[in-house]
Amino acid sequence: MDSKNIIEKFEGSMIQHGSYNDRIYLIKLADEAPSTTPYSLIDLARKNNYSKIFAKVPECHSALFLAAGFEEEARVSAFYNGKIEAVFLGFYLNAECAAEPDLGKMDEILKIALKKQASKSKCHLNDNLTLRICNEADVITIADIYKNTFQSYPFPIDDPAYILNTMKSHIDYFGIEYNGRLVAVSSADMDKQSSNAEMTDFATLPEWQGNGFAQCLLLEMENAMKNKGIKTAYTIARAMSAGMNITFRKAGYKFGGRLKNNTNISGNIESMNVWYKHLIS
């Protein structure tokens, strides 16, 4: 996995862009971003022949993007500091970029997930398994697990240097180990300033799949985020993955919408479902 993407400041805002995901991702809009930002992003996308712009912005700024031709694809209530709603927007450089050939299958998976009832999360691990937060000594193993799990991924999570840098700054990694060896991992990507966290990067070694490790990791992550004062948790899950959508639905997450043809994951550009949960009201 080579992300072939760069993360940089753009008119004061934080963006990720590159040919690998074939998009621009507006990660965080600057508080004092100029009103021309949506058009500047469109110019950048055209210059680089990207297919999509994906923007995550406070609801109060969404009108500027909608006026520029962006479409609302999802929203999360109380996303910023437990108060301000987030709107997830998409801009497509041509109609083909917005087409979803697997629409029927994705709708069926979502329908199945939404029928599941939220239940009080439980985690049962046998005596040889331990769930813990990861540390710097784990970065090589974490990267190897991701390398062996995902054919492609939107961020370079198979690079130990990337894992170490993000671990030091804003991401908490969690793992389940068997007799001292990590067999499943996940991460909580925190925006401490806005008091939200993305629950992401769930991966279990093939021989250990089917044991409900994602549910256990998610529960541990939620508790850790609550203790850090994070108010809202969310995820951007593969729309074609029944297992992950069901996991978040059963954990009490609400469906926020679908991001069309948004992310290079598991070898293809795929549509993604947004789920969210308020950890602290």
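The values are calculated or read from the model by the stated rules, or taken from the named source; none is laboratory data. Just so you know, these numbers come straight off a predicted model, no measurement behind them. Ideal geometry is used to build each Cβ from the backbone, glycine not excepted, and the neighbour counts take in all protein chains shown.
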Inset, instruction - Any chance you could count how many residues in the range 42-84 are part of a helix (DSSP H, G or I) and farther than 27 Å from residue 199 by Cα? - result: 11
Legend entry - Candidate set from the range 85-103 (those that are among the small types (Gly, Ala, Ser) and over 30 Å from residue 192 (Cβ atoms)); member that is surrounded by the most Cβ atoms within 10 Å (Cβ to Cβ): 98
Inset, instruction - Considering each residue of the range 1-45, count those that are of a type in the set (A, V, I, L, M) and either closer than 17 Å to residue 59 by Cα or exposed (fewer than 13 other Cβ atoms within 10 Å of the Cβ) (or both), and give that number. - result: 6
Legend entry - Considering residues of the range 172-202 that are within 14 Å of residue 235 (Cα to Cα) and among the aliphatic types (A, V, I, L, M) only, the residue surrounded by the fewest Cβ atoms within 10 Å (Cβ to Cβ): 190
Legend entry - Criterion violated by residue 100 - all others in (1) outside any loop (DSSP other than H, G, I, E, B); (2) over 20 Å from residue 173 (Cα atoms) satisfied: (1)
Legend entry - Some residue of the range 208-223 being in contact (Cβ under 8 Å) with a residue 12 or more places away in the chain, of a type outside the set (S, T, N, Q), in the same structural domain as residue 150 (by TED's automatic domain parsing) and part of a strand (DSSP E or B): no
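So that you can scan it fast, the table gives a plain yes or no per residue for (1) out of contact with any Phe, Trp or Tyr (no Cβ under 8 Å at 6 or more places or on another chain); (2) touching a residue at least 40 places away in the same chain (Cβ under 8 Å); (3) assigned to a strand (DSSP E or B):
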residue: 229; (1), (2), (3): yes, yes, no
residue: 252; (1), (2), (3): yes, yes, no
residue: 258; (1), (2), (3): yes, yes, yes
residue: 264; (1), (2), (3): no, yes, yes
